[in-house]
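The structure appears below as structure tokens.
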Amino acid sequence: FAATAAFYEKGEGVINLNSKNFDKLVLESEDIWIVEFYAPWCGHCKNMIPEYKKAGKALAGHVKLGAVDATVSNEIGQKYNVQGFPTIKVFGKDKSSPT
């Protein structure tokens with residue numbers, strides 16, 4: 001059985017986040033993060049890919065963009081009350097209360 005490929009490749013302006021790197025990269029950083037929670041089967045999520053990549057490149061150096069496959073790292077989505085896809089959360093100064 002094959003693993004699901006991530007929506008975003010290295011160098012596209014969006015960082016793939018998962019249960020192994022989320023806390024270190026997002027919660028323990030001083031950076032502002034915009035994080036997309038997606039499902040690979042979600043049509044709206046697929047349609048958002050090109051624009052999210054553009055945003056990642058345009059905002060580089062100011063804000064970091066990340067993406068969580070919530071079907072794989074569902075515990076992250078549950079922690080932040082993600083109930084539909086795509087969901088976008090902004091992790092600003094108060095990482096415990098994203099908007």
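Residue by residue, here is whether (1) of a type in the set (Val, Ile, Thr); (2) more than 14 Å from the chain's Cα centre (by Cα); (3) buried (at least 16 other Cβ atoms within 10 Å of the Cβ); (4) in a helix (DSSP H, G or I) holds:
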| position | (1), (2), (3), (4) |
| --- | --- |
| LYS46 | no, no, no, yes |
| LYS57 | no, yes, no, yes |
| GLY61 | no, yes, no, no |
| LEU65 | no, no, yes, no |
| GLN83 | no, yes, no, no |
| VAL90 | yes, no, no, no |
| LYS93 | no, yes, no, no |
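Restricting the search to segment 20-37, which residues are in contact (Cβ under 8 Å) with a residue 40 or more places away in the chain and surrounded by 13 or more Cβ atoms within 10 Å (Cβ to Cβ)?
Matches in segment 20-37: PHE22, LEU25, VAL26, ILE32, TRP33, ILE34, VAL35, GLU36, PHE37.
List every residue pair whose Cβ atoms lie under 6 Å apart, where the two residues are 6 or more positions apart in sequence or sit on different chains, the first residue falls within segment 8-19 and is in a loop (DSSP other than H, G, I, E, B) and modelled with pLDDT under 95, and the second residue, located anywhere, is surrounded by 15 or more Cβ atoms within 10 Å (Cβ to Cβ) and of a type in the set (A, V, I, L, M, F, W, C).
Qualifying pairs under 6 Å: TYR8/VAL14; TYR8/ALA67.
I'm trying to understand the selection: among the residues of segment 1-31, which are farther than 19 Å from SER73 by Cα and in contact with a strand residue (DSSP E or B) (Cβ under 7 Å, 6 or more places away or on another chain)?
GLY13, ASP31
Within segment 26-33, can one find any residue that is of a type outside the set (Gly, Ala, Ser) and either touching a His at 6+ places or on another chain (Cβ under 7 Å) or part of a strand (DSSP E or B) (or both)?
Yes, that holds for at least one residue.
For segment 79-93, how many residues are closer than 11 Å to ILE32 by Cβ and not hydrophobic (A, V, I, L, M, F, W, C)?
Final tally of qualifying residues: 2.
The values are calculated or read from the model by the stated rules, or taken from the named source; none is laboratory data. Model, not experiment: these values are computed from the prediction. Quick reminder, even Gly has a Cβ in these numbers, built from the backbone with ideal geometry, and neighbours come from all protein chains shown.
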